[in-house]
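Note sheet for the following structure.
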Amino acid sequence: MYGVTIYGSMKENKMKPNHRLKHEREQRGWSQAKLAELVGTNPATVGRWERGVSSPYPIHRERLCGLFNKDVQELGLIEDNNSALQQDTIGGPDLKPAVTPDVRSFIFDPAIPMLPLETGTPVGRDPVLARLKKQLYSEEVPGFSALSGLPGVGKTTLALVLAHDHEVQEHFNDGILWAGLGIQPNIEEIQARWGVQLGLEVTTIKSRSDWAKTLRAAIGLRCMLLIIDDVWEVDDALAFQVGGPYCMYLFTTRFPQIAIQIAGSRTIAVSELSEENGVDLLAHFVPGLIEQDSTTARRLVNSVGALPLALVLMGRYLRSHTYNEQPRRLYNALQDLDNTENRMHLGDPHGLSRPYSNYSHRMRYSLQSVIALSDERLDKTQAQSMFRALSIFPPKPNTFSEDAAVAISKQPAETLDTLCDVGLIESSGPGRYMMHQTIADYVRAQTEKDTLLCERMITYMTYYIQTHSHDYQAIEQEHVNILAALEEAARQTMEREFMQAVTAFAPFLRIRGLNDEARSYLHRAYQIAQKLDDYLEEMKLLSHLGRMSERLSEYKEAEHYLSEGLNLARKYGQTDYICLFLAYLGIVMDKIGAYLRAEIYLQEGLLLARQLDQPERICEVLCSLGTVANHQGNYIAAGFILSEALELARRLEHKEYIMQALTQMGVIAVSQEDYTRACAYFLEAHDLARQTGYQDLTIQLIVNLSAALGSLGEYEQAEQYLQKGLNLSQQSGNRAGRAMLFNNLSSLASLQGQYEQARAYLQEGLEIVRSINHLRLSNHILYEQGELALATHQYAEAQNIFEEVIRSATAFPEIRANAHYGLARTMARLGNSDEASQQGEASAQIFETLGLPKAITVRNWLATLSKKKSR
């Protein structure tokens, strides 16, 4: 049996206070914390030395002598009496007592690296540190905690912060030991070093297992924190499971599977920083850049996915080029960092960014080198093949599906598990994964772009869109990947594939309000279709261009594209497309108030749709016809048309047409002043619109719903909806919807007596509708301005506005009827009773023709006016 000499820990050595050491420290104006930092220990231990409670280890004595330029006698570091040391000898003479201090002194492993000045307090890591401390302070001892995460994410830094934390040192009052492992650690050497720290001098122990027994006996009942950093093999980590019942363990590893095996549910996944925290970290190195050009700083942070190691390397590089405050030099450095290859190979020649250097003999320390270590762990066939294939997907926060990964890489799904286990990709929910920006950059720098992979991606994404044409949530998941596939198709000059993918993707872009992408891709695809003389694709693309222009309130362009498409469809006898273009042209004519032309287009389209037995097209045309009837105030006819449309849409389970029919039926309920029923229609449609992400219809529903809620006196709720609608319209570029939102906000403000605010809202709305030449909305908002002028007793202004609306709104009978009624009340206020009666009569007749209940309101007002005249 090996002999171990273990020094007792139950009594403190009775020593005299070390006034010499204290005197030397105070002469230099250093605190105990400063001295502790300089020699690699903690303030509590320095205090023990000065009080004579314990004396320093040999390594600390050497550092103290060098620091103060004095010998051990001059610093009072030689003990005259070792009799207080109690020995408990186990076994034979193989282990000899080391020259040790009093065993009650705090052990701060000299292998624990000093914290770099810039990262001494890690940015954005307070929640992780708090959670980790809670685990380490728990009563479940001995306990195992683990930090896992990408290479360079800051696991070792977090461990160092804990090791240097005074609170942690007070809790683990017997000391902290550190083992930096890496790929090929010398386990026995680290175990022997631990033995020396514990007061043992070892001569014959060779095996890991014997060392483990020896160290466990030496630690005994001490309360210690054992940190095992950069674990690559579970067996290596377990060699340091040597603590007693009052010890806790902290492991760090880049491999999630190893962390789970060691620590189970006490594993903490360390993620990269947020953008804001990444900018803050960069500011430690180049504060001037952050203050002067935050946009560039954010671009740098995002270029490396806010990975702490990358930010530290970039920060040090920039700082080395900014110390002399020359703008040219900083500009050149920033240009260098814009290059992906430069970022990946940005080195740390002095080792300032790594806490230990057990890889330094193998390779230059850089992002590329630390990621390469994980790459080398993969087998050379399936795993590396899939790893390289997955870099074709845009990086995190984008995700990709398991099906897409398998289809593009042509490797089995189980290979994804391997990549997750080694931390090269991350799981992102059931069946989905993601790859960090720096890892994707690493792969792309290693390999040339594979044309075959690009072709597979484009083929898969095109098929995916076509098979999920009505499942917008499914398309949303792959949205970023589809855009990447389109860009690859354009770069690879895969024209037909690009054109077909754009055609399939366009409805989603339109519904989500992604106008910039839609416009760019549709124009490029249309040019390809013309070049290839593919009239079928031309017609599809013209229909999408027309609809996109219509939703952007660009009605002339919309009519141009749709008319071109209709001519092409008639030329080639494509009745299906003839029907489609007729339906879309009817919608555009409705928007500009050309109701007769709208009805002609829509009735012809409905006839064709019935002949072709196309229930979806029939439903679409019926919704449009109902809308046109509503806009003309023909609510009875609209009710019949929309009832048929809603029944058919529910049978088809077509959410878009259900929403359209419900919306227009709600409009009818508002016209009948049945606001409760109107709200029910609008809310059902709003829920569907929110589920499908249909932005334009959501805005339209908010306009209608807020009006109904305002009529019910629910002003606060109505305003909440309207503000939400404004944000949505700003994102989607829906100008007509934005104008109506301002109109409704004005109505709410006016109802609450906030007339100046109401006037401002109306002016914003009017400017928008005039810029898009929307005649119906222009007249509607102008009428509201007249009502506001009347409410604020500006009768001359009100008269002029109402008269202008009556002249202009010939195609909009309900608006014209409202304007006549407004003018009638204005004339009454001005004392012109005869004119007031004539205008009131004109209003009542139009409302009666339309079958609207407001006719009763006008008739009652006329009766009151007549009584006043007879007096």
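The values are calculated or read from the model by the stated rules, or taken from the named source; none is laboratory data. Model, not experiment: these values are computed from the prediction. Cβ: placed from backbone, ideal geometry, glycine included. Neighbour counts: every protein chain shown. Side chains are part of the model used for accessible areas, which takes the heavy atoms of the whole protein and leaves out ligands, DNA and RNA. Shrake-Rupley method; radii C 1.70, N 1.55, O 1.52, S 1.80 Å.
Just the number please: accessible area per residue for the chain, 1.4 Å probe, all protein chains included, in Å².
Numbers: 37800 Å² over 871 residues.
Solvent-accessible surface per residue comes out at 43 Å².
Each label point was placed 7 Å from the Cα along the Cα-to-Cβ direction; for Arg131 and Asn773 their separation is 5.8 nm.
Taking 0.36 nm per intervening residue step and subtracting the Cα-Cα distance, what contour gain separates Ala760 from Arg650 on full extension?
On the way: separation 110, 0.36 × 110 = 39.60 nm, distance 4.16 nm.
Answer, rounded to one decimal: 35.4 nm.
With a/c under 1.5 counting as rounded, go ahead and sort the stretch 418-499 into rounded, prolate or oblate using the C-alpha gyration tensor (a ≥ b ≥ c being the square roots of the eigenvalues; past the cut-off, prolate if a/b is larger than b/c, else oblate). Oblate, because a/c is 1.5 or more while a/b does not exceed b/c. For Lys206, the aspartates and glutamates whose Cα comes closer than 13 Å to its Cα, not counting residues fewer than 8 places off in the same chain, are Asp94, Glu188, Glu189. Spin-label model, Cys420/Arg328: points 7 Å from Cα along the beta carbon direction are separated by 5.4 nm.
Can you tell me how the stretch 456-569 classifies by the Cα gyration tensor, rounded, prolate or oblate, using a/c under 1.5 as the rounded cut?
Numbers: a/c = 1.91, a/b = 1.30, b/c = 1.47.
Since a/c reaches 1.5 but b/c is at least a/b, the shape of the stretch 456-569 is classed as oblate.
Ranking Ala263, Pro43, Pro397 by how far each Cα lies toward the positive end of the dipole of the chain (charges on Cβ) leaves Pro43 at the top.
Annotation: extensible slack from Gln752 through Glu376 equals 128.4 nm (criterion: 0.36 nm per residue apart, minus Cα-Cα distance). With both labels modelled 7 Å from their Cα along Cα-to-Cβ, the Asp403 to Asp71 distance reads 8.2 nm. For Lys410, go through the lysines and keep the ones whose alpha-carbon is under 29 Å away, minus same-chain ones fewer than eight residues off. Straight-line reach from Lys410, under 29 Å: Lys380, Lys396, Lys449. Counting only Cα atoms, the size of the chain along its three principal axes is 124, 70, 54 Å, in decreasing order. Evaluated at q = 0.19 Å⁻¹, the base-10 log of the normalised Debye intensity for the stretch 583-701, with identical point scatterers placed on the Cα atoms, takes the values -1.00.
Both radii were evaluated on the Cα set of the stretch 747-843; the Rg over Rh quotient, with Rh as the Kirkwood radius, amounts to 0.98. Charge dipole (Cα centre; +1 on Lys/Arg Cβ, -1 on Asp/Glu Cβ; no other charges) of the chain amounts to roughly 1260 debye.
At q = 0.18, 0.20, 0.21, 0.22 Å⁻¹, what is the base-10 log of I(q)/I(0) for the stretch 643-761 according to the Debye formula with one equal point scatterer per Cα and no solvent? Please give it to two decimals. Debye curve over Cα of the stretch 643-761, log10 I(q)/I(0) at q = 0.18, 0.20, 0.21, 0.22 Å⁻¹: -0.89, -1.06, -1.14, -1.22. Overall, the accessible surface of the chain at a probe of 1.4 angstrom is composed of carbon and sulfur to the extent of 49 percent. Think of the chain as having a plus end and a minus end, set by charges on the Cβ of Lys, Arg, Asp and Glu; of Gly693, Tyr472, Trp194, Trp194 sits farthest toward the positive end of this dipole.
Could you compute how fast the stretch 786-862 diffuses translationally, taking Rh as the Kirkwood radius over C-alpha pairs and applying Stokes-Einstein at 10 °C with viscosity 1.306 mPa s? Give it in µm² per second. List each step's numbers first, then the result.
On the way: Rh = 12.0 Å.
My calculation gives 132 µm²/s for D.
Step through the table entries Lys155/Lys213; Lys531/Lys724; Lys34/Lys213, compare each Cα-Cα distance with 32 Å, and write down the pairs that go over it.
On the way: Lys155/Lys213 29 Å; Lys531/Lys724 43 Å; Lys34/Lys213 37 Å.
In this structure, Lys531/Lys724; Lys34/Lys213 lie more than 32 Å apart at Cα.
In the neighborhood of Gly831, defined by Cβ-to-Cβ distances under 12 Å, what is the net charge if each Lys or Arg adds +1 and each Asp or Glu adds -1? Before the final figure, lay out the partial values.
Working: positive: Arg829, Lys868, Lys869; negative: Asp834, Glu835.
Residues close to Gly831 contribute a combined charge of +1.
Grab the eigenvalues of the alpha-carbon gyration tensor for the stretch 503-652, scale each by 5, take roots, and send me the semi-axes largest first in whole angstrom. Spell out each step's value before the answer.
Working: eigenvalues 137, 56, 42 Å².
Here the semi-axes work out to 26, 17, 15 Å.
To the nearest 10, the accessible area of Tyr331 is 130 Å² with a 1.4 Å probe. Here's the list of lysines a cross-link from Lys591 could span, going by alpha-carbon distance under 16 Å and ignoring same-chain residues fewer than 8 apart: Lys556.
Here the Kirkwood formula, the inverse mean of 1/r across different C-alpha pairs, assigns the stretch 452-515 a hydrodynamic radius of 11.5 Å. Each DSSP beta bridge with both residues in the chain is either parallel or antiparallel, and the antiparallel ones are about 35%. With the charge dipole of the chain set up from +1 on Lys and Arg Cβ and -1 on Asp and Glu Cβ about the Cα centre, the Cα lying farthest toward the positive end among the listed residues Pro56, Leu162, Tyr601 is that of Pro56. The convex hull around the C-alpha trace of the stretch 401-462, projected and averaged over every direction, spans 4.5 square nanometres.
For the stretch 152-297, the spread of Cα coordinates along the three principal axes comes to 62, 32, 29 Å, biggest extent given first.
Find how much the distance from Arg859 to Lys571 grows on full extension, using 0.36 nm per residue of separation minus their present alpha carbon separation; answer in nm with one decimal. Mind showing how you got there, number by number?
Values: separation 288, 0.36 × 288 = 103.68 nm, distance 5.50 nm.
Gain in length upon complete extension: 98.2 nm.
Can you check what the net charge comes to around Lys531, using other residues whose Cβ is under 14 Å from the Cβ of Lys531 (Lys, Arg +1; Asp, Glu -1)? Intermediate results must be reported in sequence, preceding the final value.
Numbers: positive: Arg496, Arg524; negative: Glu495, Asp533, Asp534, Glu537, Glu538.
Cβ neighbours under 14 Å give a net charge of -3.
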